[in-house]
Amino acid sequence: MINRLVVSNLLHRPIRTGLSILAVTMEVTMMLLIVGLAEGLLEESQKRSRGVGADIVIRPSASSAAMALGSADIPAKLAAFLPEKYDEIDMAMGTTLSFQGDLQTITGVDWEEFTRMSGGTHFFSGGPPEGPYDVIVDEVYARYKKVKVGDTLELLNSDFHVAGVVETGKMSKIFIPLETMQDLMGWGSRFSQLFVKLHDPADTQRIVEEIAAQLPSYPVYAMEEFLSLAEADIREMSSQFIHAIVALAVVIGFLVVLLSMYTAILERTREIGILKSLGATNGFIVTVLLREIAVLCLVGIASGIAAAYGIRAGLEVSFPLVVVLITSDWIVISSLLAVMGAALGALYPATRAARQDPIHALTYD
């Protein structure tokens, strides 16, 4: 009987029911997409860093693990000095970085060194750079910008010829020759960061300590340590923004449910009076209303999750550079927060309905 009454009440007011479901849907979708965007960008960054194939990374003197690189102050001679100093080092490779739009970086590399360190790259079309103004882009960037081999890209106020399109996931989405970038940026023979590959990765921690003692002015990290620190720093910097968005989403859901249920109680004053005159207890009234909220929440949560996946699919087609990672943890968290917000929003209307005097309710017009 209770379930039939709940369904009838919800279907009797389709607009209000739809708006309540929409509020929960937006709440869940907002949380999943905002957190998913942060998680996606972080995961992609870490994947590309691991794709370099290095065991150790040396950063500029004034940088941290998560600090963006916009200059170069590592002397190029270190790339030759380190393999000579330590027999355990297989090779050292310097790179330069400059930021452009779309949250992307332009990376200056010696392509032969990069290929050797990363274990090779797969070309979908074209081949390695041959001239100083050749550019290599990955498949995602090429698809988004609709560029192909032979096209011209304007980078760093210069025209570059697209020489090849490679697989994604290794260091960067845009590669130009190292010396060209150093000249255009006025950095001379300096690097933005230095990657070191060892013959045996088991020697990593010992070599990190020895290099750090030799180069006290430069942060030296084992690659996995660097990625862990960068992840912690980025999460700390983004946590306040994410918490604010999550709080806003919960408040929106709470207010919409509160308003919806409160107005529903006012409209159903006589109905509640009739139920009480027929012997319905306060607990029965509260149970009916809470079950209505439960149905709204379940439908809204399912719709929100489906909407988040749908929007992510749309973003992958329209904006492939934007990565959204929807995790099972945040599906659970967003669902619980939606339920909590809806329950709080329904609490006052439900208790108000339960306390109504049946005589007053029956005379309500």
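The values are calculated or read from the model by the stated rules, or taken from the named source; none is laboratory data. On a predicted model such as this, the values are computed, not experimentally measured, just so you know. We place every Cβ from the backbone using ideal geometry, glycine too, and count neighbours over all the protein chains shown. We work out accessible area using only protein heavy atoms, side chains counted, and drop any ligands, DNA or RNA first. Shrake-Rupley method; radii C 1.70, N 1.55, O 1.52, S 1.80 Å.
At a glance:
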read-out	value
Test for residue 278: is it out of contact with any strand residue (DSSP E or B) (no Cβ under 9 Å at 6 or more places or on another chain), modelled with pLDDT of 75 or more and either more than 15 Å from residue 21 (Cβ to Cβ) or open to solvent by 10 Å² or more (accessible area, probe 1.4 Å) (or both)	no
Boolean, residue 84 is over 28 Å from the mean Cα position of the chain (by Cα) and surrounded by fewer than 15 Cβ atoms within 10 Å (Cβ to Cβ)	yes
Tally, over segment 93-124, of residues that are open to solvent by 10 Å² or more (accessible area, probe 1.4 Å) and not polar (S, T, N, Q)	15
Filtered residue count, segment 314-332, keeping only those that are surrounded by 16 or more Cβ atoms within 10 Å (Cβ to Cβ) and either aromatic (Phe, Trp, Tyr) or under 24 Å from residue 259 (Cα atoms) (or both)	1
Residue among 211, 245, 311, 234 that alone is modelled with pLDDT of 85 or more, over 23 Å from residue 13 (Cβ atoms) and within 19 Å of the chain's Cα centre (by Cα)	311
Filtered residue count, segment 204-217, keeping only those that are of a type in the set (D, E, K, R) and open to solvent by less than 40 Å² (accessible area, probe 1.4 Å)	0
Residue within segment 289-297 that is modelled with pLDDT under 90, surrounded by fewer than 18 Cβ atoms within 10 Å (Cβ to Cβ), in contact with a helix residue (DSSP H, G or I) (Cβ under 8 Å, 6 or more places away or on another chain) and not hydrophobic (A, V, I, L, M, F, W, C) present	yes
Only one of 209, 224, 236 that is in contact with a Lys or Arg (Cβ under 9 Å, 6 or more places away or on another chain), part of a helix (DSSP H, G or I) and without any contact (Cβ under 8 Å) to a residue 60 or more places away in the chain	224
Total residues in segment 142-192, condition part of a strand (DSSP E or B), closer than 28 Å to residue 210 by Cβ and open to solvent by 20 Å² or more (accessible area, probe 1.4 Å)	1
